[in-house]
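The next block holds one structure in the form of structure tokens; read it before the comments.
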Amino acid sequence: MEVLLDDVYRLLINVLMPFVRLSAMLLSAPFFGARTIPVRVRIALAVVLTWVMVPGLPASDGIDVLGAEWWFLLIQQVLIGIAMGLVLQIAMSGIVLAGQNVATAMGLGFASSIDPQNGIQAAVVGQIYLIFGTLVFLATDSHLLLIRVLHESFTVYPINGLSFDIDLLMQVVSFSGYMFETGLLISLPVLIGVLLINIGFGVMTKAAPQLNIFSIGFPMSMLGGFLLILVSLPAVMSAMEQTFMDVMDFLSAVYGDGN
């Protein structure tokens, strides 16, 4: 009977702990954690990935399942998984922020719809950029790299490691500034173009005061903004690809083997 209990304890440690870390990452990461993906699908994906990962993970023994150590390790797995997903969520938020900056410059800040990923109101242009970002995220195999880094994290932060480095959370918090940097860099071409259009209309109004700038200025700003989005789309795609490369490098440096 003691052998059976030991087997159950070993199963809880070596299978449940990776499942908790992986589930927390899938819950907080973009695309995987979108509300449009059913909870059953996410649970099934977590079970399959755990079943694939467990044979290659280092075994953890000597943990009292009935003690306080068990609950501390369980909370630790949740924090590590959420921190990994939060880093990618910051990058996606930067892309949405870029779309909102463009929408505000074009005069479309009032045009909003429900964000299917987060379930909140967001600018329509931000939704377009979010779709582009999701496609780039999948096209660059970032979802596969994320799973690889998660697998490597069990070596850097093993299950039975009671010491939790607070610098890990501080690095994630400091990385949040990357969201504003990404939002500015992606939206900068369109912002500059719309600004030049507005300056041109300002010069026209100064030269011809009888010109009704409100009747033609706003439609032309919107039309020019859409044309600028179309023209700058290749550069925006490259910027999004570089964004996900930077995020994966950060995750690999913090959680993985650095390669």
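Since every read-out is calculated from the coordinates, none of them should be taken as a lab result. Please read these numbers as outputs of a predicted model, since none were measured by experiment. Here the Cβ positions follow ideal geometry from the backbone for every residue, glycine too, while neighbour counts run over all protein chains shown.
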Scalar couplings 3J(HN,Hα) for segment 40-56 by Karplus 6.51 cos²θ - 1.76 cosθ + 1.60 (θ = phi - 60°), nearest whole Hz, x for Gly and Pro, are 5, 5, 5, 5, 4, 5, 5, 5, 5, 5, 5, 4, 6, 7, 3, x, x
Here the gain from full extension of V156 to N212, 0.36 nm per residue of separation minus their alpha-carbon distance, amounts to 13.7 nm
Taking a crude spin-label model, label points 7 Å out from Cα along the C-beta direction, the L227 to A44 distance in nm is 4.9
So, with points 7 Å from each Cα along the Cβ direction, the Q242-T36 label distance in nm works out to 2.8
With 0.36 nm assigned to each residue of separation and the Cα-Cα distance removed, V54 to E69 gains 3.3 nm
In nanometres, the difference between 0.36 nm per residue of separation and the alpha-carbon distance of I128 and F180 is 16.9 nm
